[in-house]
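Since the structure comes first, as structure tokens, the remarks are kept for the end.
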Amino acid sequence: MKDQPDLRMHRWSDEEFQAMRGEVLGTWPTGQEVHLDEAVAYLRTLPPHQNQAWVLKQALTEGRTVMQPSNLSDLPGKQAAREGIAVVDAWIKVLLEVQNDGQADVLPINLDTYTREINYQMAELDVEESRGEGRNVLNGFPVANYGIQGCRRVREAVDRPLVVRSGAADSRLVMEIAWASGFSDVPCGGIIMPTSHHKNVALADSIRNWQYVARLGAWYTEHGWPINHEVYGRLSGTLIPPSICLSYIIIDSLIQAAQGIKFVSPGYTATGNLIQDVAGVRVLKRLADEYMARFNFADVTVSTTFYQWTGAFPYDPARSYALICWNSMAAVLGGATQVIVKPVQEATGLPTAQANAQALRATKAVITMLCNQKFPGSPELAEEMHYIEIETRAIVNRVIELGDGDVVVGVATAFENGVLDCPFSCWLPIANKVMPARDVNGAIRFLDHGNLPLPAEAVKFHQNQLEIRSRLSGKALDCDLTAADVFAFSEGRLTGR
Amino acid sequence: MEILQRKWDLDYFVAERPAVLAQWPTGQGVDLEEALAYHRGLPGGRNAAHALAAAKAAGRVLIQPRAGVALIEEQIELLRFLQDHGDADLLPSTIDSYTRNRRFAEAEAARKESLDRGRSMLNGFPSVSYGVKGCRQVVEALERPLIVRTATPDFRLGAEIMLAAGYTGHSHGAMGDLAYSKDTSMEEIIYNWQYVDRLAGYYEDNGCPVSREHYIPLCSVVPPGHQIVVTVIDGLLQMGQGANHCLLGYGQNGSLHQDIAALQVMREMGEEYAARLGYTNAVVTTSLHQWMGGFPEDEAKAYSIICAGAAVAAWGGASMTIVKTPDEAFGVPTREANVQGCVATRTILEYAACSAFPETEQLRTEAEMLRHEVRAVMDRVLDLGEGDLARGVVASFKAGVIDIPFSPNQHNRARVMPVRDWSGAFRYLDPGNIPLPATVWEYHQEQVARRGELEGRKPSYNMTIADIYALSKGLPLGAGARLN
């Protein structure tokens, strides 16, 4: 591709942006339907409570926690096949069920795999096949294929902000169509997406693609339809030490913010240890605000998102409910603005709309129960916050140094030498030297911190905490501990045996 | 008759027994010496008092569900299901209403009818109908300690039979019964429960301790300070009869800080007053009763209450929790629902054991207020009894120093009005004649006034009415949950 913007942390000029837009909109016919002026006129007709940036800002101001179901996946597709209706109509039915029975504050649509892989041709074949045969072959919503018309049908049928759950390394065309249709949020991140979901994607491509989405989001924000960017901290979803999660989401928040967006909601992933989770959310808010100010993005509104357990879920619904309620307590007590709610049947495969609604109602009940109660400071909490903070600072600052003040430049080197690293990532270029394990209290520690530039004090702390476990259990400090921990939470305990 | 705290002489106790055992033919099957031999022969881990003391020492929380049906085979099957699938640590036998009210003939008829129809025609387990032999079948079929669960002014015969059968835990005491009887006098209730305590004391004197458990069924409307007072009194009454293993129950009200503080203070006060009255061998443990008000029909919301209760049990240092079920709103739960309640509770207990709830200013304030209140009332009770607790209790009810809101018992003064504050914590709207220290009363008024500001109305009994209506819908916390 020619004339790509330089790979650095600068706001793309209008020329750079427009040059790339032409290409993006040309990748599929529905791209031609996007006209920014028409879109802005349409978005003016939508009430503010259907906008995610507005909803999160309200919640942040009032100290409330809003709920979004995590994944509706291919559920609507299945429903479409069963009932012989169009996939769009099935999505609307499922979203309404989650909105009305589940009291969801925010509604997600998930992209199908072809759309995530930018294979619109195959997606189109499947759309036709679904229509013709009354059977679904799509595991998500093909935004590009349905185009503005299809997306606006969804927008007009429901009454909550809509989020596109992408996970792709390139969702540029999708977001063009989604924003023009009245969607207002996307889990994103140029360095996050390869680490989370991709084997071979080039870092530079992923960063550029998400810079594009942010640049587009900034344009809409500047034209009266603010876009929220939920920087997605799920990563590999397996035993992520909080400081790794925080480093990733703060760095990607900075990269996105450089394009001029004004609303960001970094997403923290639950560890399951209450103190560590409360500490994680609080440090996240503090550091995200601080780094935004340091890079002169102080006018960016930072809310926080809390992911309920993203690892293996229990099969037993009673355990599943317990896990969901437990995570919800941490989200509320930690002061998260948004909680991403797992369905009760997460372990058994495809969750029904009811399983989503049940989890939402359980979460809602916890939010209501705890809304007037605060989890105040304590020595344990202060200690946990201290280490998460100094570790995150050390990693983020080293990335900034490596790029001579430019985070985008810094991340490339940081991944090469393992300054940025994540356990259990599927992305081949990652150093993959970090090994986590839980301590006796179930907090996630570094068994091996690889090349992460952690302060000596923190390394020693993690080592000590794990040695206590080793001493009490009589087991050596090795990756057998980690293996036991991977399954423990779904079996009803934090630390493996 | 004058009721005193001192331990009944053995001769007196022995002389009282024949009349009790004569109430129903199965009473003749009770042989205390045989029973003691049976208790001594029970395998380790089958004694509730020992299990609770061990849990206290290890900082663990035991789980007990509720369950009782008419037929022995079904009772066994139900309990085995809870033991094997719910991993319940303590197994209950909840007694049916006829047996509780000593209508043994009717219980027996319903038991037979249950047998004919092949399904339970009773709302619990008619232990007196079955006698020692029948109850022992239940004990022998299971591997965990068995607990008698009842609430009645007079369960003397049932206690004789079930303890002799090998049950090692027995719920309820005199104070708790004010929720279940209309006109039984305080003296009579205390006397009847002293009998049960003396019986438990006899087992204990012979090396076979029985866990005596107390709580007020009206706990969803009684402010925690008063819950602690009456429950600790029940504990002290049992200690007076030589039953040292005392399990004090507290009912979850949903206010995290108040629930945690109350559990901590309940144990502390139980130990403090046991020491003051000279019961140096007392073993005081606490339990958390998951929300005793109405449950939401939505199982998702029910789970959230169960989970919050489990977390509070762990953080408040309880040694046991009585679990509710996700089907609670629909009446007697299925065994599957009961297992689900146990499993969800166990899961949260595991998680919560990893993270202590911080010792905070709010928690300290709440605990301090509870201590002030409990000591003031307890000391007044002892004063009124001129040093004798039992005498003091009788006098205190007359004077309204002890006063249980909404009790149906006519000897209760019923001048106290509870209300929830802005955060959902329980306070006194009107403390009646309860001798609250001034600092405590001011604190309560401040917290309630704050609710008034938020709701834009003056604190009044309308708030209490709103709270009571809200009870039936689940935990009445959160903005708007208690407005009507």
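Each reported figure results from applying straightforward, stated rules to the coordinates on display, with no laboratory input. For clarity, every value in this text was computed on a predicted model and none was experimentally measured. So basically every Cβ, Gly included, is an ideal-geometry build from the backbone, and we count neighbours across all protein chains shown.
Counting only Cβ charges, +1 for Lys and Arg and -1 for Asp and Glu, the dipole size of region B:149-210 around its Cα centre is about 200 debye. For region B:1-71, the list of trypsin sites (Lys or Arg not before Pro) that fall in a loop by DSSP and count at most 11 other C-beta atoms within 10 angstrom reads B:Arg6.
For region B:381-471, the equivalent ellipsoid built from the Cα gyration tensor has semi-axes of 29, 15, 8 Å, listed from largest to smallest.
Taking a point 7 Å from the Cα of A:Asp6 along the Cα-to-Cβ direction, the residues of region A:167-205 with backbone N closer than 20 Å to it are A:203-205. All distinct Cα pairs of region A:205-274 go into the 1/r average, and the inverse of that average, the Kirkwood radius, is 12.7 Å.
When cysteine pairs in chain A are screened for C-beta atoms closer than 4.7 angstrom, the residues that find no partner are A:Cys151, A:Cys188, A:Cys245, A:Cys371, A:Cys422, A:Cys426, A:Cys479.
Could you grab the relative contact order for chain A? Cα pairs under 8 Å, six or more apart, rounded to a whole percent. Computed over chain A, the figure is 16 percent. Plainly put, region A:15-54 has a radius of gyration that is 1.10 times its Kirkwood radius, both from alpha-carbon atoms, as the Rg/Rh ratio.
Within the P(r) computed for region B:149-269, what percentage of the Cα pairs occupies the region above 25 Å? The proportion of pairs with Cα distances above 25 Å equals 22 percent. For chain B, the relative contact order comes to 15 percent (Cα pairs under 8 Å, sequence separation of at least 6). Its Cα gyration tensor gives region A:74-216 an equivalent ellipsoid; the semi-axes, largest first and in whole Å, are 25, 18, 13. May I ask for log10 I(q)/I(0) of chain B at q = 0.06, 0.09, 0.13 Å⁻¹, from a Debye sum over the Cα atoms as equal point scatterers with solvent left out? Computed log10 I(q)/I(0) values: -0.24, -0.56, -1.23. Here is the tail figure for region A:321-415: Cα pairs spaced more than 23 Å apart come to 52 percent of all pairs. Over all projection directions, the Cα-based convex hull of region B:1-116 averages an area of 10.7 nm².
Peptide B:420-426 has a mean of 2 when you count, residue by residue, the C-beta atoms of other protein chains within 10 Å of its C-beta. Modelled this way, with points 7 Å down the Cα-to-C-beta line, the labels at B:Ala58 and A:Thr348 are 3.2 nm from one another. Remark on chain B: B:Cys135, B:Cys208, B:Cys219, B:Cys246, B:Cys342, B:Cys354 stand apart, with no other cysteine beta carbon under 4.7 Å. After finding the eigenvalues of the alpha carbon gyration tensor for the protein assembly as shown, what semi-axes result from the square roots of 5 times each, listed largest first in whole Å? Rounded to whole Å, the semi-axes are 59, 28, 27. Bridge orientation summary for chain A: considering DSSP beta bridges with both residues in this region, about 15 percent are antiparallel. Normalised by 2.2 N^0.38 Å, where N is the number of residues, the alpha-carbon radius of gyration of region A:1-150 equals 1.24. Given R0 = 30 Å, the distance between the Cβ atoms of B:Gln445 and B:Arg364 translates into a calculated FRET efficiency of 0.90. Extension gain, B:Asp116 to B:Glu336: 0.36 nm times the residue separation minus the Cα-Cα distance gives 76.7 nm. For region A:427-497, what log10 I(q)/I(0) values come out of the Debye formula at q = 0.15, 0.22, 0.29 1/Å, with one point per alpha carbon and no solvent? One equal scatterer on each Cα of region A:427-497 leads to -0.49, -0.94, -1.31. Net charge of the neighbourhood of B:Pro435, taken over other residues with C-beta under 12 Å away and scored Lys/Arg +1, Asp/Glu -1, is -2. List the trypsin sites (Lys or Arg not before Pro) within region A:393-455 that DSSP assigns to loop and that have no more than 13 neighbouring Cβ atoms inside 10 Å. Those satisfying the criteria are A:Lys433.
Could you list the GluC sites (Glu not before Pro) in region B:347-445 that lie in coil according to DSSP, counting only those with at most 12 other Cβ atoms within 10 Å of their Cβ? Passing both the DSSP loop test and the Cβ count: B:Glu386.
Relative to the longest principal axis of the Cα atoms of chain A, the long axis of helix A:274-294 lies at roughly 60 degrees. Distance between the C-alpha centres of region A:267-294 and region B:80-123: 52 Å, rounded to the whole angstrom. Distance from the alpha carbon centroid of region B:194-263 to that of region B:378-452 works out to 18 angstrom.
When the P(r) is computed for region A:231-313, the part past 16 Å accounts for 45% of the Cα-Cα pairs. Toward the positive end of the charge dipole of the protein assembly as shown, about the Cα centre and with charges on Cβ (Lys, Arg +1; Asp, Glu -1), which of A:Val407, A:Val40, A:Pro76 goes farthest? In the protein assembly as shown, that residue is A:Pro76. Max-minus-min Cα coordinates of region A:25-370 on each principal axis give 53, 48, 41 Å, with the largest extent listed first.
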